[in-house]
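> Structure provided below as structure tokens; questions to follow.
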Amino acid sequence: MNGAWIAVLGSCLPAAQEGEDGVSFERVLRALREKVAPSVVAVEVDRSADPDGETGTGPVASHRDYYNRPKGVTSGTIVEADGFILTTYFNVSGTLREIAVVLPDGTRHEAALVGFDRSRDIALLKIEAGNLPVLPRASSYRQGDFVALVGRSPDAELATLNQGILSAVSRHNGTAVQMDAELNYGNVGGALVNLRGELIGVASHIRPREAWGQSSGVGFATKVSEVEKVLPRLKKGEKIEKDPQPWIGIQGGEGDPQYEGVQIGQVVPNSPAAKAGLREGDVLHRVGGVKVADVEELRAEILKHKIGDKIVLSVLRKVDGEAERKEEKIEVTLEANPN
Amino acid sequence: MIAMVMFVGMLAQEGDLERVLGEQRKLHEVLDRAVPAYVFIGGGSGVCISEDGWILSNHHVAGDAGRTWQVRFAGGRKCTADVVGFDPLGDISLLRVRDGKGLPFAEPGDSDALRIGERVFAVGNPFALGNGSWEPTVTFGVVSALHRYQDWYMDAVQTDAQINPGNSGGPLFTMEGKVVGINGRIEIRRFVNRVNTGIGYAIPSNQILRYLKYFKAGGRVMHGYIEGITLGECGDDRYENTGAYGDGVFVAGIEENSPGAKAGLDIGDLLVEAGGQRCFNANRFHGIVGTYPQGETIPVRARRWNKEKKEWSEFEVSIFLGDPSKVRAADTAMGKFELGFVPAFDYPDLGVEIDRVVEGGAAAAAGLRVGDIVVQIDGRRVKSPLDLKEALALKKAGSTVQLRVLRDGEALEIPLELKEAKTEEKSLPPPFDPKKLPRKPLEEVPPDRHREEER
């Protein structure tokens, strides 16, 4: 008797045969979406764009509309069962009038902005609801992991799924991972999960001023470990602005192969470098006596100082008509990086 | 009973997950082998293809021979690398790490063996996101199309693995960890922003492999072209409908003693394959030839109409693709003189830097070297190639001029003999003139013959 039943059940098994990888993948993604979607919500934000801030014009003034976040729902991820929802800082920046969260069951809840962390691009919302499903977190991840990004835009009742891989594990000062699943203004704030549906991070860092735009294959997610790090502070209502960094205001150029140092390609107007007299074409090779071979070493050296410090930069400057460059020592006062 | 069914249902899912995790594991393994060979170069990317440090990149990233770069391998290891050979048209530069030893590398693969839909991944540094941590970006996709002729990329692999500014010069890998392309161009949303739209182009590895020994020898590597043949495209009305579009290209004109004539081609021959690839139109033909450097020979399969037997015969020829030294000599002519050196154009106000010295030329005989900066000719100050031209304008062939050059900070006086430039060296075939198209062989081709043939 038992044997007959087992035989019948055996024949009903959807057999994963050789060459059916595509079908397996489809089934895994479908199962993933079902597991993850209940923890991803739609976030409706009624706000005015801030012309000088994150929401304002991007680098191309004639395409203002493209760079402003379009109207419509964006996404959020449930981080605690008693109504705490994480979305991105950019989604809720500007002059806010109302934030509402639409849960997967269709109910609409007014949400309060509790706290945010600008450099991690996350914002914490609170709604009056409980027993919300929270995703388990991924214990580990690495470059090359297959990942899925679940969002809820433009239809709050339909979870979307974009699929890709983890492109890198340490971006934005180590607070975010990078992935190539397409990220846009709608699904940012959604959940980035691995094949088992475990949370790796909350999709973030899509905003007008960034060069990578939307859906370019370059997207990010703030790591769960980073979220957990600041969650207690956010719950208390902390609004963590970016820590200002010391800055001189130059952009590296092509690099004169003859000289080791940073070839100055551009001096930012009104920057400390401009005020001190640094020029395009100068080769900056020492910061306060320490040799710097490229832009990264220059940046690392500058970050060892504080805003307001006076430091002496050694540059090799081209003199008209002479083959050799002349060494100049220029004093610069560090200011706060406005970017 | 219900428990059994549920258990069976879960088994099915676990099986699926295991298979996909297996695919993921394969990707992890190939990344572990491939990513270490990646190299950060300036604002773009490169890949190391040998243990002693030959690095491939795009020409628009690494530049001409003589450029030196501080490069970093994935993970941050710093090396100094010099550009040795380059091809601006094919957009490839080859660099060599100084004292390179024991470096991580990846092997070039066979780009002609790629299939559409095959999984590939790109390693790069879009938007300089990897700077500082020296962790490159990996994007994963498939081969979307092959043999794309887009602007000046003649035989590109098209992929949807996302490629963005900063990926240029970086490798496109197969799942076996072989480099099948160097990523270099993308289609963008014009006038909006420069980001990937799902279409990326990579220069195929087989093209690079053909050029490789010339790159290693150094200097600019010229593209091959078939001298002395004028081509017509089948199906074009101007050529009285010789065949249907897609059959091939045909020889509309041929110069005596040209490589094509010496190889055995004649007017009216239909060229159906070049380099083993079907060339169904002129674009594809030029695309194939462009993947061969000057100095190589390319196999061409052609068809000829036999009027007695009233049938096509098919045959193969090998055509020599232009002599690099002839073209280089033409490069070094300045006005009526052949100086034997090529001036660089980026030392304004100081002098004329010597970018390349031709072997056996006048400059080589005089002892001039790459990097020398010519600052005076016969006492006259020379600050640019234009000044150089003017200074030579009134000189006579066979005379000697005194050059003052700067070398390693020293000023040297070097006499240079002015050789006359040979004017009968033509470096390009004459432009096609439809009125000169010979009529004779075309009348003998039965007009509907091609339509009976199988494609």
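For (1) surrounded by 15 or more Cβ atoms within 10 Å (Cβ to Cβ); (2) basic (Lys, Arg); (3) away from chain B (no Cβ under 14 Å), each residue gets a yes or a no:
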{"position": "A:LYS291", "(1), (2), (3)": "no, yes, no"}
{"position": "A:LEU313", "(1), (2), (3)": "yes, no, yes"}
{"position": "A:ALA323", "(1), (2), (3)": "yes, no, no"}
{"position": "A:ILE330", "(1), (2), (3)": "yes, no, yes"}
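> Given the criterion buried (at least 17 other Cβ atoms within 10 Å of the Cβ) and modelled with pLDDT of 95 or more, identify the matching residue among A:GLY94, A:GLY76, A:GLY58. Before the answer, list the steps.
On the way: A:GLY94 fails: modelled with pLDDT of 95 or more; A:GLY58 fails: modelled with pLDDT of 95 or more.
Being buried (at least 17 other Cβ atoms within 10 Å of the Cβ) and modelled with pLDDT of 95 or more holds for just one of A:GLY94, A:GLY76, A:GLY58, which is A:GLY76.
> Something else: Would you mind stating whether A:ALA148 is within 14 Å of another protein chain (Cβ to nearest Cβ) and aliphatic (A, V, I, L, M)?
Yes.
> Tell me, which strands (runs of 3 or more DSSP E) lie completely within segment B:89-194 with 2 or more residues that are touching a residue at least 40 places away in the same chain (Cβ under 8 Å) and facing another protein chain (nearest Cβ under 9 Å)?
Filter on segment B:89-194 gives B:137-150.
> Name the one entry in B:PHE191, B:PHE215 that is modelled with pLDDT of 80 or more and among the hydrophobic types (A, V, I, L, M, F, W, C).
From the options B:PHE191, B:PHE215, the qualifying one is B:PHE215.
> Restricting to segment B:51-88, name every residue that is among the aromatic types (Phe, Trp, Tyr) and either more than 14 Å from chain A (Cβ to nearest Cβ) or farther than 21 Å from B:PRO165 by Cα (or both).
Within segment B:51-88, B:TRP54, B:PHE73, B:PHE86 meet the criteria.
> Among the strands (runs of 3 or more DSSP E) contained in segment A:134-207, which hold 2 or more residues that are touching a strand residue (DSSP E or B) at 6+ places or on another chain (Cβ under 6 Å) and in contact (Cβ under 8 Å) with a residue 60 or more places away in the chain?
In segment A:134-207, the matching strands (runs of 3 or more DSSP E) lie at A:146-151, A:160-171, A:191-193, A:199-204.
> So, of the residues in segment B:195-220 that are aliphatic (A, V, I, L, M) and in a strand (DSSP E or B), which turns out to be farthest from A:ASN184 (Cα to Cα)?
B:ILE203
> Do we have A:SER170 as within 14 Å of chain B (Cβ to nearest Cβ), in contact with a Ser or Thr (Cβ under 6 Å, 6 or more places away or on another chain) and polar (S, T, N, Q) here?
The answer is yes for A:SER170.
> Which condition number does A:SER48 fail, the rest of (1) at pLDDT 50 or above; (2) under 17 Å from the mean Cα position of the chain (by Cα) being met?
(2)
The values are calculated or read from the model by the stated rules, or taken from the named source; none is laboratory data. Because the structure is predicted, anything quoted here is derived from the model rather than measured. Because the Cβ atoms are built from the backbone with ideal geometry, glycine has one as well, and the counts that use them run over all protein chains shown.
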